[in-house]
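Structure record follows, encoded as structure tokens.
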Amino acid sequence: VLEGALVRLEPLSAAKHGDALFAAYADDQSAAGWRYLPYGPFASGAAFGEWLSMLEGGDDPVFFAIVTCVDNRPLGMASFLRISPEHGTIEVGHIHFSPALQKTPAATQAMYLMMNWAFEAGYRRYEWKCNALNMASRRAAQRLGLSYEGIFRQMLIVKNRNRDTAWFAAIDKEWPQLKRCFERFLSPDNFDDAGRARQSLSSLTRPHFYKTDTGL
């Protein structure tokens, strides 16, 4: 379990998290959150739960439910994958935030907790890959301080469509500065009484990009 003040990441359990996650994702009536994932949307809670049960206990990918600390609601998922201790590389992926989690400090803290764990565990390189058409994911990667490394053309076929893949990464020597950016952004004194951030995370991380995504 990765614990923060706003969220904790728990090993995914269909029995524990399935119903609440299905309900949270149902708030996305357009199913836009599933558009660039290689699975979903699911027609029923039973089908979704059956799929979740196949993900439990895996060693690569390793799936987590993102649970809010205020009300213990599972509102999203993410995973570690392509885990290579011998090379010191690890990827974050299968990220799917419900509408209630999107664009919140809790969502940012979830990503921070995963990145912090990886570098504290000794990984040298933390990767983020997404469909090159997924501009929201590309913007998110750069907001989190990951450097753009290019496009791998015709890398996959997903849902019967070509996928070019955009690559981003942070490396261990960058993490101390990026960690300070996250801590500054997530500090309670960075938010006003209405919950608005006084200083955005992107304004803190942007000076530390190695290379920006010119496609944005």
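The values are calculated or read from the model by the stated rules, or taken from the named source; none is laboratory data. Small disclaimer: the values here were computed from a predicted structure and weren't measured. Glycine gets a Cβ as well: all are built from the backbone with ideal geometry, and neighbour counts include every protein chain shown. Only protein heavy atoms, including side chains, enter the accessible area calculation; ligands, DNA and RNA are left aside. Shrake-Rupley method; radii C 1.70, N 1.55, O 1.52, S 1.80 Å.
Worth pointing out:
- In the chain, lysine pairs closer than 22 Å at Cα, eight or more apart or cross-chain: 8
- Surface composition of the stretch 1-130: carbon plus sulfur atoms hold 53% of the accessible area, using a 1.4 angstrom probe and ignoring ligands, DNA and RNA.
- You can think of it this way: the chain between Ala32 and Arg196 has 56.5 nm of extra reach, that is 0.36 nm per residue less the Cα-Cα gap.
- Only Lys, Arg (+1) and Asp, Glu (-1) charged, at Cβ; the stretch 1-121 dipole about Cα centre in debye: 320
- In the stretch 148-216, the portion of solvent-accessible area held by carbon and sulfur atoms comes to 48 percent [1.4 Å probe, whole percent, DNA, RNA and ligands not counted].
- Surface exposure of the chain, expressed per residue as accessible area with a 1.4 Å probe, stands at 52 Å².
- Solvent exposure of Val62, expressed as accessible area, is near 40 Å², computed with a probe of 1.4 Å over the protein chains only.
- Of the trypsin sites (Lys or Arg not before Pro) found in the stretch 156-216, those that fall in a DSSP loop while having at most 16 other beta-carbon atoms within 10 Å are Lys159, Arg196, Arg198, Lys211.
- Loop-located chymotrypsin sites (Phe, Trp or Tyr not before Pro) in the stretch 28-57 whose Cβ has at most 14 other Cβ within 10 Å (DSSP): Tyr39
- Cα-based shape type of the chain, given that a ≥ b ≥ c are square roots of the gyration tensor eigenvalues and the cut on a/c is 1.5: rounded
- Separation of the Ile151 and Glu86 label points, Cα + 7 Å toward Cβ, nm: 3.4
- Dipole magnitude (debye, nearest 20) for the stretch 105-216, charges at Cβ of Lys, Arg, Asp, Glu: 420
- Sequence of His208, His87 when ordered by accessible area, the most exposed leading, probe 1.4 angstrom: His87, His208
- Counting DSSP beta bridges with both ends in the chain, the antiparallel % (nearest 5): 90
- Selected from Met77, Met155, Met115 as most flexible by GNM, with the chain as the system and alpha-carbon contacts under 10 Å: Met155
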